[in-house]
Amino acid sequence: MTSSTWTPPAPDAVPALPPSKPNDRHTLSNIQDIYSKHLHLDWSIDWDAKIISGSVTHDLIVDTDGVKEVVLDTSYLDIKHVEVEGEQVQSKVDERKGMLGSALHIPLKHADKLKKGDKVSVKVEYSTTSQCTSLGWLTAE
């Protein structure tokens with residue numbers, strides 16, 4: 001009977017798996033393609049009407065070459081207008097999908113030229129509504 005010894009493969013014999021992209025089933029957004037690095041809120045609060053109005057500016061980082069749009073989560077917001085790199089664009093809000101809310105689709109200009117690591121600025125001007133799910137108002141009592 002011949003005895004054999006097992007030799008483990010060299011460390012580089014099996015390639016490492018590529019890094020996985022985020023997959024979050026609790027969002028409608030496309031964070032696997034483009035994600036927010038920083039955001040700036042500019043709000044006015046009407047305490048009597050119980051409405052917040054203003055804007056959010058997202059500094060986004062492209063994570064997939066050629067990404068065509070940014071998809072953000074919304075819930076009963078009144079979207080006034082949207083800008084990409086300072087220019088107004090036509091956005092679209094999908095029908096509500098239960099607790100996930102509604103996806104806000106924002107097209108990106110020159111999507112075919114966007115590469116991983118590029119930065120994009122998106123500004124959304126909006127106001128809350130009486131139906132907003134992530135906002136609650138307390139009375140003085």
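The table that follows gives values for the structure above.
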quantity: The chain, accessible surface, carbon-and-sulfur percent (1.4 angstrom probe); calculated: 53 percent
quantity: Compactness of the stretch 1-41, expressed as Rg and Dmax over alpha-carbon positions, Å; calculated: 22.1, 76
quantity: Percent RCO, i.e. relative contact order, over the chain, from Cα pairs under 8 Å lying at least 6 residues apart; calculated: 27 percent
quantity: Whole-Å semi-axes of the ellipsoid equivalent to the stretch 28-110 (Cα gyration tensor, √5λ, descending); calculated: 23, 16, 12
quantity: Under 24 Å from Lys123, Cα to Cα: lysines that are on another chain or at least 8 residues apart; calculated: Lys37, Lys50, Lys68, Lys80, Lys92, Lys97, Lys109, Lys113, Lys115
quantity: Rounded to whole Hz, the Karplus (6.51, -1.76, 1.60) HN-Hα couplings of the stretch 105-120, x for glycine and proline; calculated: 9, 10, x, 9, 6, 6, 4, 5, 9, 6, 10, 3, x, 5, 10, 9
quantity: Asp24, Asp63, reordered so the largest accessible area comes first (probe 1.4 Å); calculated: Asp24, Asp63
quantity: Accessible surface, per residue, of the chain when the full set of protein chains is kept, probe 1.4 Å, Å²; calculated: 73 Å²
quantity: Per-bin percent of Cα-Cα distances, the stretch 97-141 [5 Å]; calculated: 4, 11, 18, 17, 14, 12, 12, 6, 3, 2, 1, 0
quantity: For the chain, the Rg and Dmax computed from alpha carbons only, in angstrom; calculated: 22.3, 91
quantity: For Leu41, solvent-accessible area (1.4 Å; no DNA, RNA or ligand), Å²; calculated: 80 Å²
quantity: Exposure ranking of Glu85, Glu69 by accessible area [1.4 Å probe, largest first]; calculated: Glu85, Glu69
quantity: Lys80 accessible area, assembled protein chains, probe 1.4 Å, Å²; calculated: 110 Å²
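The values are calculated or read from the model by the stated rules, or taken from the named source; none is laboratory data. Only a predicted model underlies this, so the values are computations on that prediction, with no experimental measurement involved. Side chains are part of the model used for accessible areas, which takes the heavy atoms of the whole protein and leaves out ligands, DNA and RNA. Shrake-Rupley method; radii C 1.70, N 1.55, O 1.52, S 1.80 Å.
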